[in-house]
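Undergrad: Before we start, here is the structure in question, set down as structure tokens.
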Amino acid sequence: MTPLMKTRVLIGMAKRLTVLWKREKTTEHRLAAVVGQGYMGNPGHNREGDVVMNTHKTILCATLALLFVLAGSVSAAYYTVIDLGTLPGGSSSYAASINDNGHIAGYVYIAGWSHSCRFDPTGGGANIDLGGLGGPGSVAWSINNSAQIVGGAHIGSGFSGRACLFDPTGGGDNKNLGILPGYEQSGAYSINNNGQIVGQSENYGPGYASYGHACIFYATGGSPTDLGALGSYAPYSGALSNNDHGQIVGWAGLGTTDPSYHACLFDPTGGGANINLGGLGGAVSYVYSNNNDGQIVGVAHNSSGNARACLFDATGGGANIDLGTLVGFDNSWATSINDNNQIVGGAGTGSTSHACLFDSTGGGANIDLNTLLDPSSGWTLTNASDINNDGWIVGYGINSAGQTHAYLLTPEPATICLLALGGLAILGRRKTA
């Protein structure tokens, strides 16, 4: 059985165990309603209920025991780290996105230019240079479950770039996705499993200040759809993520005279009914990721000016959740949320940062992913970029040789069970036990 197959078997069993647990709690509540105080105060009044509950608990215990037999004993390491390497001549590498099949996209720096890359998830070095659009550099930002990869690439010898749909085989059949009229360059930042592509068209003004508009690109051709911003004639916005329901999120300016920009849920028709998702009391917020349940994460400044990872209220009602940071770090950011409500990103102060697994409740039980590795690995994980629905995490960090490399984290089987059953609270308690 491959690691991916074993992961999915364990996740399936853990989810079924969670359903049993919920059924047990529901049965408790129903029995309590039937027998009233006698249920809590005198078990003798509810012998039938006791039999039901004991049967459920026996099933739960047996299933849990089976999970951990399959998982193996819990060791000090909760994740295995795989160095994804670079391309020939590469000096550093960065993983940006992972799909549910374990395919990974990102980029590698070679002689000062970034090259879009499809990484070998085994760490065997069979990485693929995806090329570009005839210019010196390119970046891959997103890969969907069909292995469609999007990003940006330079055209010609200058710095102007275009949103790009890459040939995942590295054969060079890359497609220029175009640009909104009146703009100088464009980039694609996300592609969902239906092939919808979102990103931004932009210009550079005085002092290299960037301004542009979020847009939808079309792989079949045609002009992109302008998604607008939040204020009348606001000069800037960008779409950074889209889920399989076509919900598009990112950031948008509030107006020509207001330098603030906020997290934004865009009207996918381009009709302008965009929703300001607010923030955490500061002037700036923006979204990095949304899942298929419509949960939205990113970063927002608080009233003290510090950046904080944030779970946004998708209605725009302002009930945003500050996800906190790690002990010893002033700032944090959430870069990805999967369909199991697992959130990753990073925490940092100054030039130092660590990859982080966030407590999605905002309760503060955040975990430095470095503490979940075998200490002998020699890695310092500086940021987590993405997490798929199997709990596999990609990002970048410093390996044992002091090189900045892309990495893949795969959860140990016991970790899968713990995350599915009790989230960070259980994992945190076992780690510190």
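Undergrad: Surrounded by fewer than 17 Cβ atoms within 10 Å (Cβ to Cβ) and aliphatic (A, V, I, L, M) - does that describe any residue in segment 336-358?
TA: No, segment 336-358 contains no residue that is surrounded by fewer than 17 Cβ atoms within 10 Å (Cβ to Cβ) and aliphatic (A, V, I, L, M).
Undergrad: Considering each of THR404, THR415, THR335 in turn, give the residue that is at pLDDT below 95, touching a Phe, Trp or Tyr at 6+ places or on another chain (Cβ under 9 Å) and of a type in the set (Ser, Thr, Tyr).
TA: Step by step, each of THR404, THR415, THR335 is checked, and only THR415 is at pLDDT below 95, touching a Phe, Trp or Tyr at 6+ places or on another chain (Cβ under 9 Å) and of a type in the set (Ser, Thr, Tyr).
Undergrad: Separate question: Among the residues of segment 161-171, is any charged (D, E, K, R), within 20 Å of THR269 (Cβ to Cβ), in a loop (DSSP other than H, G, I, E, B) and touching a residue at least 12 places away in the same chain (Cβ under 8 Å)?
TA: So far as segment 161-171 goes, no, none of its residues is charged (D, E, K, R), within 20 Å of THR269 (Cβ to Cβ), in a loop (DSSP other than H, G, I, E, B) and touching a residue at least 12 places away in the same chain (Cβ under 8 Å).
Undergrad: Looking at ASN302, ASN290, which one is under 23 Å from GLY362 (Cα atoms), surrounded by fewer than 24 Cβ atoms within 10 Å (Cβ to Cβ) and in the same structural domain as ASN388 (by TED's automatic domain parsing)?
TA: None of the other options fit; the residue is ASN302.
Undergrad: Within segment 169-197, restricting attention to residues that are under 18 Å from HIS245 (Cβ atoms) and of a type in the set (A, V, I, L, M), which residue is surrounded by the most Cβ atoms within 10 Å (Cβ to Cβ)?
TA: ILE191
Undergrad: Going through segment 284-320 one residue at a time, which ones are of a type in the set (A, V, I, L, M) and either touching a helix residue (DSSP H, G or I) at 6+ places or on another chain (Cβ under 9 Å) or over 26 Å from TRP141 (Cβ atoms) (or both)?
TA: ALA319
Undergrad: Let me ask something else. Kindly indicate which of ALA319, ALA229, ALA239, ALA273 is of a type in the set (A, V, I, L, M, F, W, C), free of Cβ contacts under 8 Å to residues at least 24 places away in the same chain and under 16 Å from HIS213 (Cβ atoms).
TA: Sole residue among the options that is of a type in the set (A, V, I, L, M, F, W, C), free of Cβ contacts under 8 Å to residues at least 24 places away in the same chain and under 16 Å from HIS213 (Cβ atoms): ALA273.
Undergrad: Of everything in segment 127-168 that's crowded, with 24+ Cβ neighbours inside 10 Å and aromatic (Phe, Trp, Tyr), which residue is farthest from ILE393 (Cα to Cα)?
TA: Residue satisfying both the conditions and the ranking: PHE166.
Undergrad: Also: Can you run down the residue pairs with Cβ atoms below 7 Å, 6 or more apart or on separate chains, where the first is in segment 140-160 and without any contact (Cβ under 8 Å) to a residue 24 or more places away in the chain and hydrophobic (A, V, I, L, M, F, W, C) and the partner is surrounded by fewer than 24 Cβ atoms within 10 Å (Cβ to Cβ) and part of a loop (DSSP other than H, G, I, E, B)?
TA: Pairs that qualify, where the first residue is without any contact (Cβ under 8 Å) to a residue 24 or more places away in the chain and hydrophobic (A, V, I, L, M, F, W, C) and the partner is surrounded by fewer than 24 Cβ atoms within 10 Å (Cβ to Cβ) and part of a loop (DSSP other than H, G, I, E, B), are ILE155/LEU133; ILE155/GLY134; ILE155/GLY135.
Undergrad: Further question on the same structure: One residue is enough: does segment 131-139 have a residue meeting the conditions under 21 Å from the mean Cα position of the chain (by Cα) and touching a residue at least 24 places away in the same chain (Cβ under 8 Å)?
TA: yes
Undergrad: May I pose another question? Given the criteria in a loop (DSSP other than H, G, I, E, B) and buried (at least 18 other Cβ atoms within 10 Å of the Cβ), does ASN370 qualify?
TA: No.
Undergrad: Within segment 313-366, which strands (runs of 3 or more DSSP E) (wholly inside it) include 1 or more residues that are outside the structural domain of TYR407 (by TED's automatic domain parsing)?
TA: Per the criteria, no element qualifies.
The values are calculated or read from the model by the stated rules, or taken from the named source; none is laboratory data. It should be emphasised that the depicted structure is a prediction, and the values quoted were computed from it without experimental measurement. Neighbour counts run over all protein chains shown; Cβ positions are idealised from the backbone, glycine included.
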